[in-house]
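Let me begin by presenting the structure, written as structure tokens, before commenting on it.
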Amino acid sequence: MSAPAIAAPRKGLADKAILLHVGVLALLLAAQFVLPEYHALSLTRVMLLATFAVGYNLLFGYTGLLSLGHALFFAAGLYGAALPAYHFGWTAPPAFLAGIAAGFLVALTVGAVALRTTGVAFMIVTLMFAQAGYLATLYFGNVTRGDEGLVLTDAVRRFELLGLTVDLADPGLRYNLALALLAAAIAITLVVVRRPIGRVLVAIRENEARTLMLGYDSYRAKLVAVVLSGTISAAAGAAYALLFAYAGSSFASIHYSIYPLLWTLLGGAATVLGPVLGTLIMFYLIDLASGFTTAHLVVVGLVLVALVLFFPKGILGTVRERWLPWLP
Amino acid sequence: MATVTLLETNGLSRRFGGLKAVDGVDFRLDRGEIRAVIGPNGAGKTTFVSLVAGRVPPSEGSIRFEGEDVTRLPAHARVRRGIAYTFQITSIFGNLSVFDNVALAVQSALAKEAGFGARLDEAEIRGRTMTALDLTGLAARADQPAGTLAYGHQRLVEVAMGLGLAPKLLILDEPTQGLSDPEIADFIGLVRTIAETATVMLIEHNMAVVMDLATRITVLDRGRILAEGTPAEIRADARVQHAYLGT
């Protein structure tokens with residue numbers, strides 16, 4: 001069984017959903033004033049990775065396409081921003097836009113090819129593209145410095161904007177920029193799933209043959225989903241490179257294709273906030289578990305087993321099924 | 001009223017391996033008709049309408065819709081031209097609400113009218129969807145997951161989706177299969193309502209329904225057109241009786 005469908009947008013109920021999402025974002029905004037420095041930094045990271053997961057969910061959760069290659073899109077944004085910043089001294093704003101543009105182009109190209117396949121073949125093709133991308137970051141080590149990675153100087157992270165000097169090394173600013181990016185990703189997802197295009201994407205997930213017979217060019221709709229998902233993922237990667245001043249090959253590795261899948265499954269596929277919750281829980285689970293054992297992945301594994309047993313649709317997916325049918 | 005040809009096939013054929021499921025069919029359908037396509041099991045009825053809808057590519061022959069050659073158009077493009085197909089085996093989105101099922105059809109029709117990339121009005125989608133649901137008597141069930149409906153109602157969701165597409169030609173593939181007698185009576189009324197705005201082609205085994213509804217009947221046998229005419233003519237046709245009864 002696939003996840004239950006999005007509820008049809010209804011007046012009143014729809015507003016409740018908006019309130020919930022605004023409330024969650026307000027909570028994150030307020031958290032920076034009470035959290036100790038270490039956790040504020042962790043949460044900055046979590047919000048960027050959650051943006052990545054929100055982008056992933058658009059393709060996996062709503063459209064039903066399981067990609068094993070999203071590390072490629074994250075890395076496209078990461079390097080798209082870091083390479084010009086490192087080699088040409090671009091400041092953060094143009095570098096960020098370059099990262100997004102790189103992700104858009106890579107997603108368009110990979111999508112156009114990979115969407116000729118479906119199901120398992122789609123998983124394999126996206127995986128192969130991502131592995132090719134990972135190996136490329138190692139092969140062109142003289143440009144990317146491979147595993148060692150590029151460390152961005154403070155100069156490119158400090159820039160003038162509207163007469164103000166902006167310094168991305170400032171923890172408070174980093175937190176709020178990460179939050180802004182996450183808010184944008186959530187807003188885009190909400191708009192997409194509540195607009196007619198969202199209904200078409202869910203229809204493709206549920207029954208593609210029937211969707212075709214309703215007059216939809218499903219290839220085109222799926223390509224839109226891949227490009228949107230890949231571009232959001234790339235924005236997360238670009239922001240990660242600029243805010244944490246580092247871009248290395250490990251971000252292009254298979255792990256970063258699997259993580260967003262796990263985060264999404266944990267929090268609830270095809271729920272807007274599920275990937276955010278999943279990323280938060282997984283991050284802190286690893287953080288806490290590694291505090292008292294080096295075998296922290298065993299703990300993570302046990303939690304995933306429990307998830308499959310008790311929350312087969314993820315946390316928010318199950319919550320929606322049992323208690324809150326209006327959750328988008 | 002001058003008759004206008006809506007659909008025309010010439011030498012339309014489809015082979016599956018050595019089997020000629022549809023064999024050189026020359027077929028004409030006028031605007032405003034309710035055409036029944038009947039024939040024994042395996043006569044090629046479903047294959048024939050699948051060729052028209054674009055679900056199956058033809059081996060030979062051509063299909064013209066509103067005077068234009070649509071033989072090479074993919075199914076989704078034919079739907080946008082106005083050919084809607086409702087499935088013999090109910091194929092609705094079981095996890096989606098009844099409303100969303102029909103809204104998908106409605107927004108497809110609206111997208112066709114508005115052109116690519118135009119912003120669709122959710123209120124307009126909602127209005128037209130509720131109209132289709134009212135017509136099929138499903139309005140009270142709009143929020144239910146379609147998969148939880150009784151079989152007869154799921155068939156009606158299929159029809160409502162066909163209506164939502166606002167088609168010029170609505171193809172109904174065995175629409176009354178599995179329905180109870182009172183449901184069939186309602187259904188006949190529904191098809192008459194649909195026929196006021198669309199041309200209807202239906203495959204049907206229930207002869208009472210066929211004789212009641214159809215303005216003309218086409219009889220297929222072994223992939224070929226065996227006979228064509230009004231219900232009265234078909235009833236009197238010796239070859240049809242032979243094909244059906246084997247005597």
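All of the numbers you see were taken from the coordinates with simple rules; none came from a lab. What you are looking at is a predicted structure, and each value in this text was computed from that prediction instead of being measured. Positions of Cβ are backbone-derived with ideal geometry, glycine not excepted, and every protein chain shown enters the neighbour counts.
Would you mind ranking A:79, A:56, B:244 so that the residue whose beta carbon has the fewest other beta carbons within 10 Å leads the list?
Working: A:79 31, A:56 28, B:244 15.
If I rank by nearby Cβ atoms, fewest first, I get B:244, A:56, A:79.
Compactness check for segment A:249-295: Cα Rg over 2.2 N^0.38 Å is 1.26.
How about segment B:43-148: which trypsin sites (Lys or Arg not before Pro) there lie in a loop by DSSP and see at most 16 other Cβ atoms within 10 Å? Don't skip to the end; give the middle numbers.
Details: sites: B:45, B:55, B:64, B:72, B:78, B:80, B:81, B:112, B:119, B:126, B:128, B:141; in loops: B:55, B:72, B:119.
Loop-located and lightly packed - B:72, B:119.
Relative protection proxy for A:221-232, B:26-37, from highest mean packing down: A:221-232, B:26-37 (other beta-carbon atoms within 10 angstrom). Computed from the alpha carbon atoms alone, the convex hull of segment B:10-150 holds 156 Å³ per residue. Distance between the modelled labels on residue A:246 and residue A:217, one decimal in nanometres: 4.5 nm (7 Å Cα→Cβ projection). Over the residues of chain A, the helix contribution to mean residue ellipticity at 222 nm works out to -23500 deg cm²/dmol, using -39500 (n - 2.57) for each DSSP H run of at least 4. Identify which of B:208, B:227, B:160 has the largest mean-square fluctuation in a Gaussian network model of chain B, with springs joining Cα atoms closer than 10 Å. Ranking B:208, B:227, B:160 by mean-square fluctuation puts B:208 first. Counted by neighbouring Cβ atoms within 10 Å, the residues A:201, A:280, A:182 run from fewest to most as A:280, A:182, A:201. Between residue A:209 and residue A:258, the contour length at 0.36 nm per residue exceeds the Cα-Cα span by 14.8 nm.
What is the log10 of I(q)/I(0) for chain A, computed with the Debye formula using one identical point scatterer on each Cα and no solvent, at q = 0.11 Å⁻¹? At q = 0.11 Å⁻¹ the computed log10 ratios are -0.69.
Annotation: lysines with alpha-carbon distance below 28 angstrom to residue B:112 (same-chain offsets under eight excluded): A:11, A:222, B:168.
Between residue A:191 and residue B:230, the modelled label-to-label distance comes to 6.0 nm, taking each label 7 Å out from Cα in the direction of the beta carbon.
Computed over the Cα atoms of chain B, the ratio of the radius of gyration to the Kirkwood radius (Rg/Rh) comes to 0.97. For segment B:59-102 versus segment A:189-237, the inter-centroid distance based on Cα atoms is 20 Å. Beyond 18 Å, what share of the Cα-Cα pairs of segment A:259-328 is found? Please give it as a whole percent. Value for segment A:259-328: 36 percent of Cα pairs lie more than 18 Å apart.
With r defined as the distance between the Cβ atoms of residue A:109 and residue A:31 and R0 fixed at 35 Å, what FRET efficiency is calculated, to the nearest 0.05?
0.35
Peptide B:101-108 is shielded by partner chain Cβ atoms: per residue, an average of 5 of them sit within 10 Å of its Cβ.
Quick note on segment B:167-247: its Rg to Rh ratio, both from C-alpha atoms and Rh being the Kirkwood radius, is 0.98.
Could you work out the per residue convex hull volume over the alpha carbons of segment B:90-166, in cubic angstrom?
On the way: hull volume 6.1 nm³, N = 77.
In segment B:90-166, the Cα convex hull volume per residue is 79 Å³.
Mind giving me the FRET efficiency for residue A:87 and residue A:160? R0 is 22 Å, r the Cβ-Cβ distance, nearest 0.05 is fine. Let's see the in-between values first.
On the way: r = 22 Å, r/R0 = 0.98.
Taking R0 as 22 Å, the efficiency between residue A:87 and residue A:160 is 0.55.
Summary value for chain B: 27 percent relative contact order, contacts being C-alpha pairs under 8 angstrom separated by 6+ residues. Label reach from residue B:91 (point 7 Å along Cα→C-beta): in segment B:184-215, amide nitrogens under 18 Å belong to B:201-204. What is the Cα centroid distance between segment B:211-226 and segment A:245-288, reported in whole angstrom? Between the Cα centre of segment B:211-226 and that of segment A:245-288, the gap is 59 Å. Each Lys and Arg contributes +1 and each Asp and Glu -1, all at the Cβ; summed about the Cα centre of segment B:1-128, the dipole is approximately 280 debye. Model label points for residue B:192 and residue B:41, set 7 angstrom from Cα along the Cα-to-Cβ axis, are 3.3 nm apart. Computed from the alpha carbon atoms alone, the convex hull of segment A:84-168 holds 118 Å³ per residue. Taking a straight Cα-Cα cut-off under 19 Å and skipping sequence neighbours fewer than 8 places away in the same chain, the aspartates and glutamates within cross-link reach of residue B:20 are B:60, B:221. For segment A:13-256, the relative contact order is 40 percent, taking Cα pairs closer than 8 Å that sit 6 or more residues apart in sequence and dividing their mean separation by the residue count. As a size descriptor, the averaged projected area of the C-alpha convex hull of segment A:128-203 was calculated at 8.9 nm². Selection among B:140, B:182, B:70 by position relative to the dipole of chain B gives B:70 as farthest towards the positive end (Cβ unit charges, Cα centre).
Using a Förster radius of 22 Å, what is the FRET efficiency between residue B:3 and residue B:112 based on their Cβ-Cβ separation? Nearest 0.05, please.
After rounding, the FRET efficiency stands at 0.30.
Please express the Cα-Cα pair-distance distribution P(r) of the protein assembly as shown as a list of whole percents, one per 20 Å bin, running from 0 to the bin with the greatest distance. For the protein assembly as shown, the pair-distance distribution reads 19, 43, 26, 10, 1.
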